[in-house]
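Written below as C-alpha coordinates is the structure these notes are about.
The values are calculated or read from the model by the stated rules, or taken from the named source; none is laboratory data. For clarity, every value in this text was computed on a predicted model and none was experimentally measured. Neighbour counts run over all protein chains shown; Cβ positions are idealised from the backbone, glycine included.
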Amino acid sequence: MNDPDNKIEAKMKSVVPGTMPRRARLFVPPRLEGRDGLRNVISVGFPLILSNAVIALNLFLDRTFLAWHSADAFTASMQGGILTWMVLTVFLFTIGYATTFVAQYLGAGRLERVGAVIWQAIYLSLAGGVLLVLIAPLGWPLFRWIGHDEPLPALEAFYFQIVTAGGIFFLLQNALLAFYQGQGRTRLVLFVTAATCLINICLNVWLIFTPVWIFPDGIGGAAWATVLAWAAGTLIVVAFLLAHPNVERKYRLFSSWRYDSGLTRRILRFGFPSGLHGLVETSGFTIFLMVVGVFGYQAQFASNMAMNVNMLLFIPSVGMHIAASILAGQLCGAKDIYGTERMVFTVLLLCGLYSLAVCFLYIFVPDFFLVWFRGNLPEAEWLELMHVARMLLVVVAVYTLFDAVGLVYSGALKGAGDTKWVMWAGLCISMFILAIPSTILVWLFRADYFANPNHAMMIAWGLCCLYIMTLGSVYLLRFHNGRWRSIDVIEHQSLVDPLASLDEVKLPDVTELEPDGG
(Lines give C-alpha, C1' and ligand atoms only; values in the text may rest on other atoms or scores of the structure.)
Protein backbone atom coordinates (compact mmCIF):
# COMPACT_ATOMS: atom_id res chain seq x y z
CA MET A 1 0.00 0.00 0.00
CA ASN A 2 1.29 3.49 -0.85
CA ASP A 3 2.33 5.70 2.04
CA PRO A 4 -0.15 8.64 2.29
CA ASP A 5 2.62 10.93 3.53
CA ASN A 6 4.65 10.28 0.37
CA LYS A 7 1.59 11.03 -1.72
CA ILE A 8 1.06 14.36 0.04
CA GLU A 9 4.75 15.24 -0.28
CA ALA A 10 4.68 14.49 -4.02
CA LYS A 11 1.66 16.73 -4.45
CA MET A 12 3.25 19.58 -2.50
CA LYS A 13 6.31 19.40 -4.73
CA SER A 14 4.13 20.01 -7.78
CA VAL A 15 2.41 22.98 -6.11
CA VAL A 16 5.10 24.70 -4.05
CA PRO A 17 8.19 25.50 -6.16
CA GLY A 18 10.41 25.99 -3.12
CA THR A 19 10.18 22.31 -2.17
CA MET A 20 11.51 21.06 -5.50
CA PRO A 21 15.09 20.28 -6.55
CA ARG A 22 17.07 23.40 -7.48
CA ARG A 23 17.57 22.34 -11.10
CA ALA A 24 14.77 21.69 -13.55
CA ARG A 25 14.72 18.32 -15.26
CA LEU A 26 15.68 18.22 -18.94
CA PHE A 27 15.02 14.55 -19.71
CA VAL A 28 11.59 13.42 -18.56
CA PRO A 29 9.95 10.25 -19.91
CA PRO A 30 6.98 11.35 -22.03
CA ARG A 31 3.54 9.99 -21.35
CA LEU A 32 0.51 9.75 -23.59
CA GLU A 33 -2.27 11.24 -21.49
CA GLY A 34 -2.58 14.28 -19.23
CA ARG A 35 -2.03 17.98 -19.71
CA ASP A 36 1.70 17.37 -20.09
CA GLY A 37 1.19 14.28 -22.27
CA LEU A 38 1.90 13.64 -25.91
CA ARG A 39 -1.76 13.61 -26.91
CA ASN A 40 -2.41 17.09 -25.52
CA VAL A 41 0.85 18.48 -26.93
CA ILE A 42 -0.11 17.27 -30.39
CA SER A 43 -3.70 18.49 -29.96
CA VAL A 44 -2.48 22.02 -29.21
CA GLY A 45 0.69 22.04 -31.27
CA PHE A 46 -0.30 20.36 -34.54
CA PRO A 47 -2.82 23.04 -35.60
CA LEU A 48 -0.18 25.66 -34.77
CA ILE A 49 2.34 23.77 -36.90
CA LEU A 50 -0.14 23.81 -39.76
CA SER A 51 -0.87 27.50 -39.11
CA ASN A 52 2.80 28.41 -39.40
CA ALA A 53 3.18 26.09 -42.39
CA VAL A 54 0.38 28.01 -44.09
CA ILE A 55 2.09 31.31 -43.23
CA ALA A 56 5.39 29.98 -44.56
CA LEU A 57 3.71 28.81 -47.77
CA ASN A 58 2.06 32.20 -48.11
CA LEU A 59 5.40 33.98 -47.78
CA PHE A 60 7.03 31.51 -50.16
CA LEU A 61 4.36 32.05 -52.83
CA ASP A 62 4.42 35.81 -52.26
CA ARG A 63 8.16 35.94 -52.94
CA THR A 64 7.85 33.46 -55.81
CA PHE A 65 5.18 35.56 -57.55
CA LEU A 66 7.39 38.63 -57.14
CA ALA A 67 10.37 36.71 -58.56
CA TRP A 68 8.21 35.93 -61.60
CA HIS A 69 7.29 39.61 -61.85
CA SER A 70 10.90 40.85 -61.58
CA ALA A 71 14.14 39.97 -59.79
CA ASP A 72 14.29 43.48 -58.30
CA ALA A 73 10.80 43.13 -56.79
CA PHE A 74 11.75 39.77 -55.26
CA THR A 75 14.98 41.07 -53.74
CA ALA A 76 13.39 44.29 -52.45
CA SER A 77 10.45 42.45 -50.88
CA MET A 78 12.83 40.29 -48.87
CA GLN A 79 14.74 43.27 -47.49
CA GLY A 80 11.66 45.46 -47.02
CA GLY A 81 9.72 42.57 -45.53
CA ILE A 82 12.33 41.65 -42.94
CA LEU A 83 12.60 45.28 -41.78
CA THR A 84 8.80 45.53 -41.62
CA TRP A 85 8.69 42.38 -39.52
CA MET A 86 11.39 43.81 -37.26
CA VAL A 87 9.22 46.86 -36.56
CA LEU A 88 6.02 44.85 -36.12
CA THR A 89 7.68 42.31 -33.83
CA VAL A 90 8.04 44.51 -30.76
CA PHE A 91 4.34 45.39 -30.90
CA LEU A 92 3.20 41.88 -31.85
CA PHE A 93 5.11 40.03 -29.13
CA THR A 94 4.11 42.57 -26.47
CA ILE A 95 0.42 42.32 -27.34
CA GLY A 96 0.68 38.61 -28.06
CA TYR A 97 1.73 38.01 -24.45
CA ALA A 98 -1.97 38.30 -23.70
CA THR A 99 -2.03 34.64 -24.81
CA THR A 100 0.12 33.70 -21.81
CA PHE A 101 -2.16 35.65 -19.46
CA VAL A 102 -5.20 33.84 -20.85
CA ALA A 103 -3.38 30.51 -20.44
CA GLN A 104 -2.32 31.26 -16.86
CA TYR A 105 -5.79 32.44 -15.82
CA LEU A 106 -7.18 29.28 -17.39
CA GLY A 107 -4.71 27.15 -15.46
CA ALA A 108 -5.62 28.96 -12.23
CA GLY A 109 -9.34 28.45 -12.92
CA ARG A 110 -10.08 32.20 -13.15
CA LEU A 111 -11.98 32.35 -16.43
CA GLU A 112 -13.72 35.62 -15.53
CA ARG A 113 -10.41 37.49 -16.00
CA VAL A 114 -9.97 36.40 -19.63
CA GLY A 115 -12.26 39.10 -21.07
CA ALA A 116 -10.32 41.88 -19.37
CA VAL A 117 -7.06 40.54 -20.81
CA ILE A 118 -8.43 40.65 -24.36
CA TRP A 119 -9.70 44.21 -24.00
CA GLN A 120 -6.35 45.46 -22.70
CA ALA A 121 -4.70 43.75 -25.68
CA ILE A 122 -7.12 45.55 -28.02
CA TYR A 123 -6.28 48.92 -26.48
CA LEU A 124 -2.56 48.21 -26.78
CA SER A 125 -3.11 47.23 -30.45
CA LEU A 126 -4.81 50.53 -31.21
CA ALA A 127 -1.98 52.47 -29.56
CA GLY A 128 0.58 50.38 -31.46
CA GLY A 129 -1.24 51.02 -34.74
CA VAL A 130 -0.90 54.78 -34.28
CA LEU A 131 2.84 54.42 -33.65
CA LEU A 132 3.23 52.25 -36.75
CA VAL A 133 1.62 54.93 -38.93
CA LEU A 134 4.16 57.43 -37.57
CA ILE A 135 7.07 55.02 -38.19
CA ALA A 136 6.11 54.15 -41.77
CA PRO A 137 7.51 57.34 -43.46
CA LEU A 138 10.98 56.59 -42.06
CA GLY A 139 11.42 53.75 -44.56
CA TRP A 140 12.65 55.91 -47.42
CA PRO A 141 15.57 57.66 -45.66
CA LEU A 142 16.52 54.41 -43.92
CA PHE A 143 16.84 52.34 -47.10
CA ARG A 144 18.69 55.18 -48.82
CA TRP A 145 21.16 55.19 -45.93
CA ILE A 146 21.70 51.40 -46.13
CA GLY A 147 22.94 51.90 -49.69
CA HIS A 148 21.71 48.94 -51.72
CA ASP A 149 22.04 49.06 -55.49
CA GLU A 150 19.41 51.03 -57.39
CA PRO A 151 16.45 50.66 -57.85
CA LEU A 152 16.16 48.56 -54.67
CA PRO A 153 15.95 51.38 -52.05
CA ALA A 154 12.80 52.90 -53.57
CA LEU A 155 11.10 49.50 -53.89
CA GLU A 156 12.11 48.44 -50.37
CA ALA A 157 10.80 51.69 -48.88
CA PHE A 158 7.53 51.45 -50.83
CA TYR A 159 6.84 47.96 -49.49
CA PHE A 160 7.85 48.91 -45.95
CA GLN A 161 5.62 51.99 -45.81
CA ILE A 162 2.44 50.23 -46.96
CA VAL A 163 2.74 47.12 -44.79
CA THR A 164 3.91 48.99 -41.68
CA ALA A 165 1.09 51.53 -41.86
CA GLY A 166 -1.42 48.69 -42.22
CA GLY A 167 0.06 46.75 -39.32
CA ILE A 168 -2.77 47.79 -36.98
CA PHE A 169 -4.96 45.06 -38.51
CA PHE A 170 -2.25 42.48 -37.86
CA LEU A 171 -2.03 43.55 -34.21
CA LEU A 172 -5.80 43.52 -33.71
CA GLN A 173 -6.14 40.08 -35.27
CA ASN A 174 -3.51 38.61 -32.94
CA ALA A 175 -4.96 40.38 -29.89
CA LEU A 176 -8.34 38.77 -30.57
CA LEU A 177 -6.82 35.37 -31.37
CA ALA A 178 -5.20 35.37 -27.91
CA PHE A 179 -8.66 34.49 -26.57
CA TYR A 180 -8.63 31.15 -28.41
CA GLN A 181 -4.90 30.54 -28.45
CA GLY A 182 -4.49 30.88 -24.70
CA GLN A 183 -7.21 28.28 -24.18
CA GLY A 184 -5.40 25.86 -26.47
CA ARG A 185 -8.20 25.99 -29.04
CA THR A 186 -5.72 26.10 -31.85
CA ARG A 187 -7.88 24.50 -34.53
CA LEU A 188 -9.87 27.72 -34.74
CA VAL A 189 -6.58 29.65 -34.90
CA LEU A 190 -5.59 27.42 -37.82
CA PHE A 191 -8.86 28.15 -39.61
CA VAL A 192 -8.47 31.93 -39.24
CA THR A 193 -4.82 31.81 -40.31
CA ALA A 194 -5.58 29.65 -43.33
CA ALA A 195 -8.46 31.91 -44.38
CA THR A 196 -6.28 35.01 -44.06
CA CYS A 197 -3.44 33.46 -46.06
CA LEU A 198 -5.81 32.19 -48.76
CA ILE A 199 -7.19 35.70 -49.17
CA ASN A 200 -3.63 37.02 -49.33
CA ILE A 201 -2.57 34.50 -51.99
CA CYS A 202 -5.61 35.27 -54.16
CA LEU A 203 -5.00 39.00 -53.85
CA ASN A 204 -1.30 38.46 -54.68
CA VAL A 205 -2.16 36.69 -57.92
CA TRP A 206 -4.43 39.57 -58.81
CA LEU A 207 -2.52 42.64 -57.60
CA ILE A 208 1.10 41.66 -58.30
CA PHE A 209 0.52 41.20 -62.01
CA THR A 210 -2.33 43.67 -62.63
CA PRO A 211 -2.79 47.22 -61.31
CA VAL A 212 -6.32 47.58 -59.89
CA TRP A 213 -7.91 50.97 -59.17
CA ILE A 214 -5.69 52.65 -56.50
CA PHE A 215 -3.53 49.55 -56.04
CA PRO A 216 -0.33 49.37 -58.14
CA ASP A 217 1.11 46.13 -59.49
CA GLY A 218 4.41 44.51 -58.54
CA ILE A 219 5.77 45.00 -55.04
CA GLY A 220 3.12 47.59 -54.20
CA GLY A 221 0.37 45.14 -55.11
CA ALA A 222 1.96 42.50 -52.86
CA ALA A 223 2.09 44.96 -49.96
CA TRP A 224 -1.57 45.97 -50.35
CA ALA A 225 -2.60 42.31 -50.63
CA THR A 226 -0.99 41.66 -47.25
CA VAL A 227 -2.76 44.58 -45.54
CA LEU A 228 -6.17 43.74 -47.02
CA ALA A 229 -5.80 40.09 -45.96
CA TRP A 230 -4.97 41.16 -42.39
CA ALA A 231 -8.10 43.34 -42.30
CA ALA A 232 -10.23 40.45 -43.56
CA GLY A 233 -8.72 38.09 -40.98
CA THR A 234 -9.56 40.53 -38.18
CA LEU A 235 -13.20 40.60 -39.27
CA ILE A 236 -13.27 36.78 -39.32
CA VAL A 237 -12.10 36.60 -35.69
CA VAL A 238 -14.68 39.21 -34.65
CA ALA A 239 -17.39 37.12 -36.31
CA PHE A 240 -16.31 34.02 -34.36
CA LEU A 241 -16.32 35.92 -31.06
CA LEU A 242 -19.79 37.34 -31.68
CA ALA A 243 -21.06 33.85 -32.52
CA HIS A 244 -19.60 32.29 -29.36
CA PRO A 245 -22.55 31.42 -27.05
CA ASN A 246 -20.52 31.33 -23.82
CA VAL A 247 -18.20 34.25 -24.41
CA GLU A 248 -19.91 36.52 -21.86
CA ARG A 249 -21.15 33.99 -19.34
CA LYS A 250 -17.78 32.26 -18.90
CA TYR A 251 -15.23 34.90 -19.80
CA ARG A 252 -16.95 38.30 -19.26
CA LEU A 253 -15.71 39.37 -22.68
CA PHE A 254 -18.29 42.12 -23.29
CA SER A 255 -18.69 43.41 -19.74
CA SER A 256 -14.91 43.70 -19.13
CA TRP A 257 -14.35 46.43 -21.73
CA ARG A 258 -13.16 49.02 -19.21
CA TYR A 259 -9.51 49.99 -19.16
CA ASP A 260 -7.66 48.13 -16.39
CA SER A 261 -4.44 49.98 -15.65
CA GLY A 262 -3.13 47.31 -13.28
CA LEU A 263 -3.65 44.48 -15.76
CA THR A 264 -2.21 46.57 -18.60
CA ARG A 265 0.90 47.24 -16.55
CA ARG A 266 1.30 43.52 -15.89
CA ILE A 267 0.92 42.71 -19.58
CA LEU A 268 3.54 45.34 -20.41
CA ARG A 269 5.79 44.19 -17.57
CA PHE A 270 6.03 40.68 -19.00
CA GLY A 271 5.06 41.32 -22.61
CA PHE A 272 7.33 44.25 -23.43
CA PRO A 273 10.53 42.28 -22.68
CA SER A 274 9.10 39.54 -24.90
CA GLY A 275 8.53 42.18 -27.60
CA LEU A 276 12.05 43.51 -27.21
CA HIS A 277 13.39 39.96 -27.42
CA GLY A 278 11.54 39.47 -30.69
CA LEU A 279 12.88 42.81 -31.90
CA VAL A 280 16.44 41.86 -30.95
CA GLU A 281 16.30 38.52 -32.76
CA THR A 282 14.64 40.02 -35.82
CA SER A 283 17.08 42.93 -35.79
CA GLY A 284 19.97 40.50 -35.79
CA PHE A 285 18.64 38.76 -38.89
CA THR A 286 17.78 42.12 -40.47
CA ILE A 287 21.32 43.34 -39.99
CA PHE A 288 22.58 40.01 -41.31
CA LEU A 289 20.50 40.24 -44.52
CA MET A 290 21.39 43.90 -45.01
CA VAL A 291 25.06 43.05 -44.57
CA VAL A 292 24.84 40.22 -47.09
CA GLY A 293 23.30 42.69 -49.56
CA VAL A 294 26.47 44.78 -49.36
CA PHE A 295 28.48 41.86 -50.80
CA GLY A 296 26.81 42.18 -54.20
CA TYR A 297 23.73 41.13 -56.08
CA GLN A 298 24.70 37.46 -56.35
CA ALA A 299 25.27 37.11 -52.61
CA GLN A 300 22.02 38.90 -51.87
CA PHE A 301 19.91 36.86 -54.28
CA ALA A 302 21.40 33.51 -53.22
CA SER A 303 20.96 34.39 -49.52
CA ASN A 304 17.37 35.39 -50.14
CA MET A 305 16.69 32.04 -51.81
CA ALA A 306 18.23 30.10 -48.92
CA MET A 307 16.37 32.16 -46.33
CA ASN A 308 13.03 31.71 -48.10
CA VAL A 309 13.52 27.94 -48.29
CA ASN A 310 14.43 27.98 -44.59
CA MET A 311 11.22 29.86 -43.78
CA LEU A 312 9.14 27.43 -45.79
CA LEU A 313 10.51 24.34 -44.06
CA PHE A 314 11.36 25.55 -40.57
CA ILE A 315 8.75 28.17 -39.66
CA PRO A 316 6.30 25.34 -38.86
CA SER A 317 8.53 24.60 -35.85
CA VAL A 318 7.53 28.04 -34.57
CA GLY A 319 4.13 26.42 -34.03
CA MET A 320 5.66 24.16 -31.38
CA HIS A 321 7.37 27.20 -29.86
CA ILE A 322 3.93 28.78 -29.41
CA ALA A 323 2.48 25.49 -28.13
CA ALA A 324 5.26 25.24 -25.53
CA SER A 325 4.50 28.79 -24.40
CA ILE A 326 0.73 28.17 -24.16
CA LEU A 327 1.04 24.87 -22.29
CA ALA A 328 3.75 26.23 -20.00
CA GLY A 329 1.41 29.12 -19.16
CA GLN A 330 -1.47 26.78 -18.36
CA LEU A 331 0.66 24.41 -16.28
CA CYS A 332 2.52 27.17 -14.44
CA GLY A 333 -0.80 28.91 -13.76
CA ALA A 334 -1.89 25.68 -12.05
CA LYS A 335 1.53 25.41 -10.31
CA ASP A 336 2.18 22.05 -11.99
CA ILE A 337 5.91 22.56 -12.38
CA TYR A 338 6.87 18.93 -12.91
CA GLY A 339 4.20 18.69 -15.59
CA THR A 340 5.79 21.71 -17.30
CA GLU A 341 9.14 19.94 -17.45
CA ARG A 342 7.58 16.82 -18.93
CA MET A 343 5.66 18.84 -21.51
CA VAL A 344 8.77 20.74 -22.63
CA PHE A 345 10.75 17.55 -23.20
CA THR A 346 7.85 16.10 -25.20
CA VAL A 347 7.73 19.19 -27.41
CA LEU A 348 11.50 19.02 -27.86
CA LEU A 349 11.31 15.41 -29.07
CA LEU A 350 8.70 16.31 -31.69
CA CYS A 351 10.68 19.33 -32.89
CA GLY A 352 13.88 17.35 -33.01
CA LEU A 353 12.38 14.67 -35.24
CA TYR A 354 10.96 17.28 -37.59
CA SER A 355 14.28 19.16 -37.71
CA LEU A 356 16.16 16.01 -38.68
CA ALA A 357 13.80 15.52 -41.62
CA VAL A 358 14.34 19.16 -42.64
CA CYS A 359 18.13 18.72 -42.52
CA PHE A 360 17.82 15.75 -44.87
CA LEU A 361 15.87 17.87 -47.38
CA TYR A 362 18.35 20.76 -47.19
CA ILE A 363 21.31 18.51 -47.93
CA PHE A 364 19.96 15.95 -50.40
CA VAL A 365 17.16 17.66 -52.38
CA PRO A 366 17.89 21.43 -52.32
CA ASP A 367 17.18 21.94 -56.02
CA PHE A 368 13.53 21.03 -55.59
CA PHE A 369 13.02 24.18 -53.49
CA LEU A 370 15.48 26.54 -55.21
CA VAL A 371 14.22 26.07 -58.75
CA TRP A 372 11.04 28.04 -57.98
CA PHE A 373 13.00 31.29 -57.76
CA ARG A 374 14.57 31.22 -61.22
CA GLY A 375 12.15 33.54 -62.99
CA ASN A 376 13.66 34.80 -66.27
CA LEU A 377 17.33 34.62 -65.24
CA PRO A 378 19.85 33.47 -67.90
CA GLU A 379 21.08 29.87 -67.64
CA ALA A 380 24.70 30.70 -66.76
CA GLU A 381 23.75 33.19 -64.04
CA TRP A 382 21.16 30.81 -62.60
CA LEU A 383 23.60 27.89 -62.34
CA GLU A 384 26.07 30.07 -60.47
CA LEU A 385 23.37 31.24 -58.06
CA MET A 386 22.24 27.66 -57.50
CA HIS A 387 25.77 26.60 -56.59
CA VAL A 388 26.02 29.31 -53.93
CA ALA A 389 22.51 28.66 -52.58
CA ARG A 390 23.23 24.93 -52.16
CA MET A 391 26.23 25.74 -49.97
CA LEU A 392 24.13 28.09 -47.87
CA LEU A 393 21.49 25.43 -47.28
CA VAL A 394 24.22 23.17 -45.87
CA VAL A 395 24.99 25.92 -43.35
CA VAL A 396 21.28 26.13 -42.54
CA ALA A 397 21.19 22.37 -41.97
CA VAL A 398 24.03 22.70 -39.43
CA TYR A 399 22.15 25.11 -37.19
CA THR A 400 18.61 23.76 -37.68
CA LEU A 401 18.62 21.44 -34.63
CA PHE A 402 19.93 24.21 -32.38
CA ASP A 403 17.23 26.50 -33.73
CA ALA A 404 14.63 23.95 -32.64
CA VAL A 405 16.14 23.78 -29.15
CA GLY A 406 16.12 27.57 -28.88
CA LEU A 407 12.50 27.83 -30.01
CA VAL A 408 11.23 25.20 -27.57
CA TYR A 409 13.04 26.43 -24.47
CA SER A 410 12.50 30.14 -25.15
CA GLY A 411 8.79 29.42 -25.62
CA ALA A 412 8.63 27.58 -22.30
CA LEU A 413 10.53 30.35 -20.50
CA LYS A 414 8.19 32.99 -21.90
CA GLY A 415 5.12 30.99 -20.90
CA ALA A 416 6.51 30.81 -17.37
CA GLY A 417 7.13 34.59 -17.31
CA ASP A 418 10.93 34.60 -17.57
CA THR A 419 10.79 37.20 -20.35
CA LYS A 420 13.34 39.70 -19.01
CA TRP A 421 16.14 37.16 -18.88
CA VAL A 422 15.27 35.86 -22.34
CA MET A 423 15.37 39.44 -23.64
CA TRP A 424 18.80 40.25 -22.15
CA ALA A 425 20.31 36.94 -23.25
CA GLY A 426 19.04 37.46 -26.80
CA LEU A 427 20.32 41.04 -26.84
CA CYS A 428 23.83 40.19 -25.69
CA ILE A 429 24.24 37.17 -27.97
CA SER A 430 22.82 39.03 -30.97
CA MET A 431 25.06 42.05 -30.45
CA PHE A 432 28.35 40.28 -29.74
CA ILE A 433 28.07 37.28 -32.07
CA LEU A 434 26.01 38.61 -35.00
CA ALA A 435 25.54 42.38 -35.19
CA ILE A 436 28.95 43.75 -34.23
CA PRO A 437 31.02 41.08 -36.08
CA SER A 438 28.82 41.56 -39.18
CA THR A 439 29.43 45.30 -39.08
CA ILE A 440 33.19 44.70 -38.84
CA LEU A 441 32.90 42.30 -41.77
CA VAL A 442 31.30 45.03 -43.90
CA TRP A 443 34.11 47.43 -42.99
CA LEU A 444 36.72 44.84 -44.01
CA PHE A 445 34.89 44.19 -47.27
CA ARG A 446 34.73 47.87 -48.16
CA ALA A 447 38.44 48.11 -47.37
CA ASP A 448 39.01 45.53 -50.14
CA TYR A 449 40.08 42.87 -47.68
CA PHE A 450 38.21 40.16 -49.66
CA ALA A 451 39.08 39.42 -53.27
CA ASN A 452 35.92 37.34 -53.69
CA PRO A 453 32.64 38.76 -52.26
CA ASN A 454 31.32 35.23 -51.74
CA HIS A 455 34.04 34.60 -49.16
CA ALA A 456 32.72 37.49 -47.06
CA MET A 457 29.19 36.17 -47.54
CA MET A 458 30.14 32.70 -46.24
CA ILE A 459 31.78 34.24 -43.15
CA ALA A 460 28.55 36.17 -42.51
CA TRP A 461 26.55 32.94 -42.74
CA GLY A 462 29.04 31.28 -40.39
CA LEU A 463 28.37 34.04 -37.84
CA CYS A 464 24.64 33.44 -38.24
CA CYS A 465 25.17 29.73 -37.60
CA LEU A 466 27.24 30.41 -34.47
CA TYR A 467 24.61 32.86 -33.22
CA ILE A 468 21.75 30.35 -33.45
CA MET A 469 23.80 27.52 -31.91
CA THR A 470 24.78 29.72 -28.97
CA LEU A 471 21.23 30.98 -28.49
CA GLY A 472 19.76 27.47 -28.34
CA SER A 473 22.40 26.30 -25.86
CA VAL A 474 21.91 29.29 -23.55
CA TYR A 475 18.11 28.92 -23.44
CA LEU A 476 18.49 25.22 -22.59
CA LEU A 477 20.82 26.06 -19.69
CA ARG A 478 18.47 28.74 -18.39
CA PHE A 479 15.55 26.33 -18.35
CA HIS A 480 17.71 23.79 -16.51
CA ASN A 481 18.62 26.50 -13.98
CA GLY A 482 15.01 26.41 -12.80
CA ARG A 483 14.52 30.03 -11.72
CA TRP A 484 11.48 30.31 -13.98
CA ARG A 485 9.56 28.14 -11.51
CA SER A 486 9.27 30.93 -8.91
CA ILE A 487 7.82 33.63 -11.24
CA ASP A 488 4.19 34.75 -10.76
CA VAL A 489 2.73 36.20 -13.97
CA ILE A 490 -0.86 36.68 -12.83
CA GLU A 491 -1.78 38.25 -9.50
CA HIS A 492 -1.45 35.75 -6.67
CA GLN A 493 -4.59 34.10 -5.38
CA SER A 494 -4.61 30.94 -3.31
CA LEU A 495 -6.91 28.61 -5.17
CA VAL A 496 -5.38 25.22 -4.40
CA ASP A 497 -4.95 23.43 -1.10
CA PRO A 498 -1.39 22.04 -1.20
CA LEU A 499 -2.58 19.04 0.84
CA ALA A 500 -5.41 18.19 -1.55
CA SER A 501 -5.51 14.75 -3.06
CA LEU A 502 -4.02 14.16 -6.48
CA ASP A 503 -7.44 13.80 -8.06
CA GLU A 504 -8.73 17.14 -6.73
CA VAL A 505 -6.11 19.38 -8.35
CA LYS A 506 -6.80 19.52 -12.07
CA LEU A 507 -6.67 22.02 -14.88
CA PRO A 508 -9.98 22.80 -16.57
CA ASP A 509 -10.65 20.43 -19.45
CA VAL A 510 -10.30 22.24 -22.78
CA THR A 511 -13.24 20.28 -24.17
CA GLU A 512 -15.47 21.92 -21.57
CA LEU A 513 -14.49 25.32 -22.95
CA GLU A 514 -15.68 24.63 -26.48
CA PRO A 515 -18.75 26.59 -27.60
CA ASP A 516 -22.04 24.75 -27.44
CA GLY A 517 -22.33 22.44 -30.38
CA GLY A 518 -18.70 23.17 -31.40
Is it fair to say residue 457 is crowded, with 16+ Cβ neighbours inside 10 Å, within 21 Å of the chain's Cα centre (by Cα) and of a type outside the set (Asp, Glu)? no
For residue 261, indicate whether it is touching a Gly at 6+ places or on another chain (Cβ under 6 Å) and surrounded by fewer than 20 Cβ atoms within 10 Å (Cβ to Cβ). no
Just to verify a result, which residue in the stretch 175-206, among those that are touching a residue at least 60 places away in the same chain (Cβ under 8 Å), over 17 Å from the mean Cα position of the chain (by Cα) and more than 22 Å from residue 331 (Cβ to Cβ), is surrounded by the most Cβ atoms within 10 Å (Cβ to Cβ)? 200
Taking the stated definitions as given, is residue 413 buried (at least 24 other Cβ atoms within 10 Å of the Cβ), within 30 Å of residue 336 (Cα to Cα) and in contact with a Lys or Arg (Cβ under 7 Å, 6 or more places away or on another chain)? yes
Consider residue 201 carefully, then state whether it is out of contact with any strand residue (DSSP E or B) (no Cβ under 7 Å at 6 or more places or on another chain) and over 30 Å from residue 291 (Cβ atoms). yes
Is there a residue in the stretch 439-450 that is acidic (Asp, Glu) and either more than 23 Å from residue 384 (Cβ to Cβ) or in a helix (DSSP H, G or I) (or both)? no
Residue by residue through the stretch 1-54, note down the ones that are at pLDDT 50 or above and of a type in the set (Asp, Glu). 33, 36
For the stretch 330-382, give me each residue that is touching a helix residue (DSSP H, G or I) at 6+ places or on another chain (Cβ under 7 Å), in a helix (DSSP H, G or I) and among the aliphatic types (A, V, I, L, M). 331, 337, 343, 344, 347, 348, 350, 358, 361, 363, 370
Is there a residue being in a helix (DSSP H, G or I), of a type in the set (Phe, Trp, Tyr) and under 30 Å from residue 453 (Cα atoms) anywhere in the stretch 268-283? no
Those residues of the stretch 212-236 which are in contact (Cβ under 8 Å) with a residue 40 or more places away in the chain and either on the phi > 0 side of the Ramachandran plot or among the β-branched types (Val, Ile, Thr) (or both) amount to 218, 219, 226, 227, 234, 236
Among the residues of the stretch 314-329, is any at pLDDT 80 or above, crowded, with 23+ Cβ neighbours inside 10 Å and over 18 Å from the mean Cα position of the chain (by Cα)? no
Residue by residue through the stretch 234-267, note down the ones that are out of contact with any Leu (no Cβ under 9 Å at 6 or more places or on another chain), in a helix (DSSP H, G or I) and either within 13 Å of residue 115 (Cα to Cα) or of a type outside the set (Val, Ile, Thr) (or both). 235, 239, 242, 243, 248, 249, 261, 262, 263, 265, 266
Only one residue in 64, 89 is surrounded by fewer than 21 Cβ atoms within 10 Å (Cβ to Cβ) and not aliphatic (A, V, I, L, M). Which one? 64
Meets criteria (surrounded by 17 or more Cβ atoms within 10 Å (Cβ to Cβ), over 27 Å from residue 269 (Cα atoms) and either at pLDDT below 90 or within 26 Å of the chain's Cα centre (by Cα) (or both)) for residue 397: yes
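For every residue, the table says whether it meets (1) of a type in the set (Asp, Glu); (2) touching a Phe, Trp or Tyr at 6+ places or on another chain (Cβ under 9 Å).
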site	(1), (2)
36	yes, yes
48	no, no
57	no, no
65	no, yes
69	no, yes
104	no, no
114	no, yes
125	no, yes
137	no, no
When you scan the stretch 94-129, how many residues do you find that are assigned to a helix (DSSP H, G or I), closer than 14 Å to residue 182 by Cα and within 21 Å of the chain's Cα centre (by Cα)? 12
